[in-house]
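Enquirer: Let me give you the structure first, and then I'll get to my questions.
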Amino acid sequence: MINHTKVSLSARICAVTWAWYSMSMATGGIAVLLSSTPHQFPGLKTIGKVVYILNLVLFLCISACLITRFLTKSSALKESLQEPNESHFVGTCLLAVATIILGAENYGTDACGPWLQVALRVVFWIYVALSTIQAIWQNWYLYHVRMASRQPFALLRLFPSFPAMLSGTIASVLASHQPRNHALPILIGGTTFQGFGFIMSLFIYSEYFYRLNKHGLPKPSDRPEMFIAVGPWSFTALALIGMAQAAVKQFPARYIISSVDTSNSQQSVTTGEIALVLATLVAIFLWTMAAFCLCIAIISVLAQCRVFGGSGALGMALPYWSMVFPNTGFVIATIRIGQVLQSPAILWVGTGLTIAQVAIWLGVGVGTIWAVATRRMLWPETEADGDKEA
């Protein structure tokens with residue numbers, strides 16, 4: 001039912017929250033996925049560039065709306081950090097930035113000169129610094145105000161540390177095209193912060209699975225957010241493989257090994273090759289857990305549908321965007337595993353998942369546009385019901 005209440009444009013703009021960056025990071029993730037899918041066809045790269053540009057426009061529009069909101073009301077920024085349904089999503093801004101960096105590497109390397117690699121190298125370290133500061137400060141703040149007591153859905157507490165974890169994913173893409181003297185610090189830094197973010201996620205997973213066992217499935221409005229659980233496993237898997245592949249190219253043959261073996265004998269296996277084997281085996285292990293979380297989330301969402309005896313699916317709201325970005329990481333991880341195992345079957349599975357993921361992105365995107373147009377989203381009176389963060 002269309003809401004006929006009159007609300008000014010500025011009031012609708014001020015209804016934009018931090019969680020709206022989930023649209024940007026999901027769209028940027030799709031652009032990266034299109035450049036990574038194994039079975040390319042003529043024009044696919046152009047489509048990917050269009051999606052990437054769309055992501056840039058979305059990011060700028062959402063940023064402009066938030067700036068307008070914070071300037072219109074002096075206390076709006078403080079309130080956004082104190083609101084339990086919004087405060088955890090501050091990190092989605094940096095996650096959207098991460099997809100922009102990844103897209104710039106994938107789509108700009110062949111079209112731009114060497115200056116792009118220099119710029120991306122600088123941007124990478126700026127991103128690492130900002131994501132680290134944000135992870136430390138925001139986690140401390142959430143602990144300080146005991147935000148978990150007001151926001152019981154555990155998976156949302158992944159977001160403050162998620163941007164730092166994406167440092168490893170960015171490093172896995174950037175390192176291959178960097179000079180060795182710059183690639184080595186990027187790989188070590190990526191490994192460091194990927195490990196930090198993943199270990200932080202393990203703490204959250206323990207609470208998440210404990211609550212599932214003790215209290216059962218989350219309420220229907222939270223169930224699309226169960227897909228967030230797919231993200232850390234998936235992005236860690238693809239980051240490990242990507243960084244190991246870069247290590248094969250960038251690591252000196254006796255890197256690290258030479259610290260304990262001072263002989264001059266030739267090594268039949270290089271450090272990078274050892275890293276790739278270990279990374280692949282660990283990535284398969286992590287991928288399995290990602291697949292498990294994905295299946296649990298799918299079944300939980302479908303169980304709401306009336307055709308399966310549920311009370312009915314949730315109306316269009318931001319939580320549905322949680323079905324895009326984490327799952328995109330899962331698809332790319334599947335593709336990376338298929339590439340290193342040289343398995344055509346896995347690569348075809350990756351292509352099929354790519355098609356499905358693009359379809360989900362289009363469906364959620366069209367649903368969001370329709371909900372905004374029909375005043376079901378970005379409408380102050382219904383914001384609490386239909387716009388309960390992604």
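The values are calculated or read from the model by the stated rules, or taken from the named source; none is laboratory data. Since this is a predicted model, take the numbers as computed values, not measurements. Because the Cβ atoms are built from the backbone with ideal geometry, glycine has one as well, and the counts that use them run over all protein chains shown. In case anyone asks, the SASA skips ligands and DNA or RNA and just uses the protein heavy atoms, side chains included. Shrake-Rupley method; radii C 1.70, N 1.55, O 1.52, S 1.80 Å.
Enquirer: Just the residues that are crowded, with 18+ Cβ neighbours inside 10 Å and closer than 16 Å to residue 365 by Cα, please, taken from region 298-325.
Expert: If the condition is that a residue be crowded, with 18+ Cβ neighbours inside 10 Å and closer than 16 Å to residue 365 by Cα, then 314, 316, 317, 318, 319, 320, 321, 322, 323, 324, 325 are the ones that fit.
Enquirer: Condition test on residue 201, is it more than 15 Å from the chain's Cα centre (by Cα), part of a helix (DSSP H, G or I) and within 29 Å of residue 80 (Cβ to Cβ)? Full working, then the answer.
Expert: Values: more than 15 Å from the chain's Cα centre (by Cα): no; part of a helix (DSSP H, G or I): yes; within 29 Å of residue 80 (Cβ to Cβ): yes.
Judged against the criteria, residue 201 is not a match.
Enquirer: Quick one: count up the residues across region 217-258 that are surrounded by fewer than 24 Cβ atoms within 10 Å (Cβ to Cβ) and polar (S, T, N, Q).
Expert: 4
Enquirer: As an exercise: evaluate residue 261 against (1) modelled with pLDDT under 80; (2) under 20 Å from residue 340 (Cα atoms) and give the number of the one condition it does not meet.
Expert: (2)
Enquirer: Please specify each residue of region 101-131 satisfying the condition of being of a type in the set (A, V, I, L, M, F, W, C) and touching a Ser or Thr at 6+ places or on another chain (Cβ under 6 Å).
Expert: Filtering region 101-131 for residues of a type in the set (A, V, I, L, M, F, W, C) gives 101-102, 104, 111-112, 115-116, 118-120, 122-126, 128-130.
Hit for region 101-131 is 128, nothing else.
Enquirer: Looking at 149, 74, which one is among the hydroxyl-bearing types (Ser, Thr, Tyr) and closer than 29 Å to residue 10 by Cα?
Expert: After ruling out the rest, the residue left standing is 74.
Enquirer: Every residue in region 98-111 that is open to solvent by 40 Å² or more (accessible area, probe 1.4 Å) and free of Cβ contacts under 8 Å to residues at least 40 places away in the same chain, please.
Expert: Hits for region 98-111 are 110, 111.
Enquirer: Note down all Cβ pairs under 9 Å where the first residue falls in region 66-90 and is part of a loop (DSSP other than H, G, I, E, B), the second is modelled with pLDDT under 90 and among the aliphatic types (A, V, I, L, M), and they're at least six residues apart or on different chains.
Expert: Note: no pairs meet the criteria.
Enquirer: Assigned to a helix (DSSP H, G or I) and either among the acidic types (Asp, Glu) or in contact (Cβ under 8 Å) with a residue 24 or more places away in the chain (or both) - does that describe any residue in region 2-9?
Expert: no
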